[in-house]
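Accompanying notes for the structure given below.
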Amino acid sequence: MLASEIVKRPLITEKSMQLVETLNQYTFEVDKRANKVQIKHAVEELFDVTVTSVNVINTARKPKRVGQHQGFKAEKSKAIVTLKADDKIEIFTA
C-alpha cells in the first residue's frame with residue numbers, strides 16, 4: 001500500500017489537540033488493514049518526521065437506527081503517533 005492510502009486523514013478534536021500540546025502525539029484515521037510498522041513508515045514519509053511509537057485503536061461497527069431505517073456505523077481504525085521531541089506536523093498547528 002502507498003503511504004497516502006494508509007493515512008486517510010488527521011483527526012482534530014479537543015482531546016487530540018491536548019495530546020499534541022502536552023505529549024507531542026498526533027491522531028490519524030488509518031486504513032483498517034495497516035499494521036503499526038506500515039503506519040510508522042507512512043507518517044515518516046508523508047510528513048518528514050521521526051516516529052517513536054504508534055498506538056492503534058480499532059472500533060467495531062455499531063448498529064444505528066433512524067426511524068424505520070436500520071444500518072451500521074462503519075468500522076474505523078485510529079492511530080496515535082508519538083513523534084520525537086523536536087518534530088512537529090504543520091497541519092495540526094494551522
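The values are calculated or read from the model by the stated rules, or taken from the named source; none is laboratory data. Source: prediction; values computed, not measured. When we count neighbours, we look across all protein chains shown, and the Cβ atoms used for this are built from the backbone with ideal geometry, even at glycine.
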In the stretch 66-90, anything in contact (Cβ under 8 Å) with a residue 24 or more places away in the chain, surrounded by 11 or more Cβ atoms within 10 Å (Cβ to Cβ) and over 15 Å from residue 44 (Cβ atoms) is listed as 75, 76, 77, 78, 80
Report whether or not residue 34 is loosely packed, with under 12 Cβ neighbours inside 10 Å and within 12 Å of residue 77 (Cβ to Cβ). no
Note on the stretch 74-94: residues under 18 Å from the mean Cα position of the chain (by Cα) and assigned to a loop (DSSP other than H, G, I, E, B) are 74, 75, 84, 87, 88, 89, 93, 94
Restricted to the stretch 23-73 and to residues being modelled with pLDDT of 95 or more, polar (S, T, N, Q) and assigned to a strand (DSSP E or B), the residue nearest to residue 7 (Cα to Cα) is 27
